[in-house]
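A short write-up of the structure that comes next.
The values are calculated or read from the model by the stated rules, or taken from the named source; none is laboratory data. Nothing here was measured: the structure is a model prediction, and the numbers come from that model. Note that each Cβ is placed from the backbone with ideal geometry, even for glycine, and that neighbours are counted across all protein chains shown.
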């Protein structure tokens, strides 16, 4: 545990907290541009957060403490995820605390708290949203785990920092299993972050909501924490994808000064990722709810085929 | 020799308590508040002594009861001590809960229940200690009979009697298989002590036959597919503390038996044994979890969840057998450690959940999920303690359920080195199935907790439900503390499991784990994988506090209470919430081939329209009912011998006499 | 550069597997034709790469014929047939799509296992991809079995031939030219006959559902 490691850790957390709403704003801007609409300003998400923090928070009569602490627990889980994913450097002291499987467990923890909080109020939409979110989750979680497994099988380790370092150091090789894992990962992150084609983040019709239905009852500071946590989730997923499949530019352990180049490289990669996400959202149509399990089952099967192909071709 | 003597004294204490209860048959107060807590303390002492014995050398003893010239041999080694810890700890929590739970009004008088309960506990402890086939079978049968009587505590209800009958039937099918297994194992030497059975060198054919009998015998008790049909009937029929004991502890004695026979007495054996266990375990896990997500009765949901967890444990055992047959000792130890840790973790959180349903049942009188809801406000103690239970049951970090899942997935990752290429390709598929099972388990647990404790109460009487009493809280808190402690400090668990794996596969993880400190879990070395639960919890807590701090600093508004928003719809009532059927509907749709669904849909012409869906097990209608019909018709055929006329019976004796005379002449 | 090219053969093989899976899970007939075209294009690239790496010019001719036939000619024919018959959807399969995909995975594992000892005997540069080629053949065969309309069955037949072609390339560095031309002619004639066949079915039963053919059974 070196000083450089601790600095890298704190810098990563601060960057994630500060830049996550910016990423959401960037994606929104590009989506509007690609759809020929006038784009909202880049810093709109910050303004929304500020507005929400200044508003009164209305809590339902029947809410218990679970409802009130769920936004903070989700925020905490997402921050921890951003802390253990190597975004700037692979020398992270917290990385020994949680490996790839624990990361999936963290996501499941956040999802469980959120679903229970939605069921807490006991309205029809809340419980329906909880059911739909658990449906998406129960198929997305194994798919994500299998994707991370593919990378683990190649690098013989489940520690994220070690995985990223091994992949970065390998000579450039076209590996079909990583390609399949990449496609599966993209599909899973579309589903988990509530993006088209699984869920429309800008919808106002309750019957079409998945993620939005979970946060219908929140307002004021709780809603602000939820929105921030959702932005952190998108940031975290993008960083995991970039770290696993495009790991060049990260600072390795023992080279603290490389972090100075790592930050603009990260911002550049995230920018391109954001445009790609906006593009996918624009060309796809939102699919009906009962097609979502098929979509996620395809992602799951892709990841499994990636594992099988790895066994056949690369071992 | 001291540990085993103390344990025998403690077991004798249980029996004494039980017999003493016979003298105060109807005195509920005395039985509940004096005898059960005494039994609980005995259980705690048992767990402590066994924990100490696990790290010591094996001890033997002989009990001269039973037939002359055939004493009972007993042996206490690491494997027995591990399962004695499970029994003792489970007994403490459940007995404490029962002290507050048992009231008058059940069919059986409380003194009799106390006797059956403590005989059950004593029999389980002796099963684990038994060192020869005779003692094992006697204690096994005692365990089955005493649990049968416990299940029929409420014998006035016909459904309870049916469930108990089915339970006894399948338990005895298993017992026959076990007898045959021991018969094959002793290989014509006539000596049934385990030492002799261990020394026998059976060929591959005979040892496979013995293994097959063991799988059938112990699988019937553990609830492996297809012998699982008794579990979802018997667990809901029994009183909640009994369900907790059966699910958490009795099923584990079957796991003990399977471990003892396949790893110890049969010395590991062939790779395809492991593949069979893997397949059966996976099938049980998938079936169990898919069925638990569509249940509408809270105890059936937990029963199917038990089937799923046993399936996971057996999968770990199968993997360990495969590794052992290829002499990959460290990996076998890893898989076996995962299974053993799951034994302990499941015992804790399943007891917690079953005992919690007991508290809910007593408070509301309802077991149907469609009539519960919103109990968190009226039963805060039970609710928050069960919240810990469902987090453990979903396998979420940093609690106990995650440790075993983590270890199991780790052992799958390193199987690419297997010499058999077919197994190599199957392993990623099995890992994928395990991940799916874990995700579905989370779904089932969220449904369970959400429908019972959260939301609006679906019946008016639920608002007056009373919370768990003092003893009940103690029992629940014990198990909740267990789930949390095992999750945060897994290294002592690995130490304990190491004592078992040293005996069974000849290797263990303790050394690698200790090389990295007592709070970091890195079974294969830090570069491969590591997990620090305490730091994890600290991280989540710190980040949550950070969020709270930021919110406090930035927040300028106020906070008030108001009726729920519900998208502006006025006139929403509690019946508009999602029901248990509704919550399970996506699973029913996706996994349709698993179920046999019967639906009643309302038509526009119904005066009182209703919708009903009945989800049943295909095994019951596909295998059990046809077999039952076959047995019935065969019995009817044989029954024709009973003509009822005296002359026919005399004719039978006459024919037999003639036949024997002719035989003697030849 | 050469290392990169030989790894790209693995990538093409994996894409072939994915396209076969995608064909099983498709509902729309137009997408099936597009997937078939993609399969042909991948095959052309793979053959050309093997040709370049092993310095065998006859494989280049092979790749050219494949390009002309499977990427240009046959898809045009299929599009015309679809336009004339006016079919768009194929919703009825014998078993539902998730189950077909599960069976597909089992077939893939089976094919991989079968191919491992055989591929060790081969000396070709692409020998580890024999398992994938076998898997593609089995998957296309399964597609022919579970579909209930005629056009997906025809495409399954053509995809099976693609799989065989790839198997030949990976195991033995391509087939002799005569065999190659013979097979190409076979496929073309087969496609023409099936096209005529489909028109006849359509005229007779007014639909392309092959279950109508069962009416021709003796009672």
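A few remarks follow.
- Conditions (1) in a loop (DSSP other than H, G, I, E, B); (2) within 13 Å of another protein chain (Cβ to nearest Cβ); (3) surrounded by 20 or more Cβ atoms within 10 Å (Cβ to Cβ): number failed by residue B:526: (3)
- Residue within the range A:278-290 that is under 30 Å from residue A:65 (Cβ atoms) and at pLDDT 90 or above present: no
- Under the condition of being outside any loop (DSSP other than H, G, I, E, B) and within 14 Å of chain C (Cβ to nearest Cβ), the residues counted in the range A:146-173 number 3.
- Residue satisfying condition, being assigned to a helix (DSSP H, G or I) and modelled with pLDDT under 85, within set B:653, B:633, B:647: B:647
- Residue in the range A:174-184 that is away from chain C (no Cβ under 14 Å), assigned to a loop (DSSP other than H, G, I, E, B) and either over 19 Å from the mean Cα position of the chain (by Cα) or in contact (Cβ under 8 Å) with a residue 24 or more places away in the chain (or both) present: no
- Check on residue A:272, surrounded by fewer than 22 Cβ atoms within 10 Å (Cβ to Cβ) and free of Cβ contacts under 8 Å to residues at least 12 places away in the same chain: yes
- Number of the condition not met by residue B:272 [criteria: (1) surrounded by 24 or more Cβ atoms within 10 Å (Cβ to Cβ); (2) more than 12 Å from the chain's Cα centre (by Cα); (3) assigned to a helix (DSSP H, G or I)]: (1)
- Condition check for residue A:158: closer than 30 Å to residue A:51 by Cα and modelled with pLDDT under 85: no
Let's see how each residue does on (1) crowded, with 23+ Cβ neighbours inside 10 Å; (2) modelled with pLDDT of 85 or more; (3) under 22 Å from residue A:299 (Cβ atoms):
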site	(1), (2), (3)
C:5	no, no, no
C:13	yes, yes, yes
C:25	no, no, yes
C:38	no, yes, yes
C:58	no, no, no
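- Among the residues of the range B:436-477, those identified as more than 14 Å from chain A (Cβ to nearest Cβ) and buried (at least 24 other Cβ atoms within 10 Å of the Cβ) are B:468, B:472, B:475, B:476.
Yes or no, residue by residue, for (1) within 14 Å of another protein chain (Cβ to nearest Cβ); (2) modelled with pLDDT of 85 or more; (3) buried (at least 19 other Cβ atoms within 10 Å of the Cβ):
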| residue | (1), (2), (3) |
| --- | --- |
| C:84 | no, no, no |
| C:89 | no, no, no |
| C:92 | no, no, no |
| C:118 | yes, no, no |
| C:122 | no, no, no |
| C:129 | yes, no, yes |
| C:135 | yes, yes, yes |
| C:144 | no, no, no |
| C:152 | no, no, yes |
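- Qualifying residue in the range A:277-289 (condition: within 14 Å of another protein chain (Cβ to nearest Cβ), free of Cβ contacts under 8 Å to residues at least 24 places away in the same chain and under 29 Å from residue B:431 (Cβ atoms)): no
- Taking the range A:193-215 as the range and being under 24 Å from residue B:550 (Cα atoms) and touching a helix residue (DSSP H, G or I) at 6+ places or on another chain (Cβ under 6 Å) as the test, the residues that pass are A:193, A:214, A:215.
- Test: residue in the range B:485-495 that is within 30 Å of residue B:32 (Cβ to Cβ), crowded, with 19+ Cβ neighbours inside 10 Å and modelled with pLDDT of 80 or more: yes
- Only residues that are over 17 Å from residue B:547 (Cβ atoms) and surrounded by 14 or more Cβ atoms within 10 Å (Cβ to Cβ) were counted in the range A:60-74, giving 4.
Condition check ((1) farther than 28 Å from residue C:132 by Cβ; (2) crowded, with 24+ Cβ neighbours inside 10 Å) across all residues:
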| site | (1), (2) |
| --- | --- |
| A:141 | yes, yes |
| A:152 | no, yes |
| A:173 | no, no |
| A:193 | yes, no |
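- Looking across B:575, B:556, B:552, one residue alone is within 14 Å of chain A (Cβ to nearest Cβ), at pLDDT below 85 and part of a loop (DSSP other than H, G, I, E, B). It is B:556.
- Members of the range B:55-66 that are touching a helix residue (DSSP H, G or I) at 6+ places or on another chain (Cβ under 8 Å), at pLDDT 80 or above and not in a strand (DSSP E or B): B:55, B:56, B:58
- Consider the range A:298-315 and keep the residues that are within 8 Å of chain B (Cβ to nearest Cβ) and under 19 Å from the mean Cα position of the chain (by Cα). The one that is farthest from residue A:178 (Cα to Cα) is A:300.
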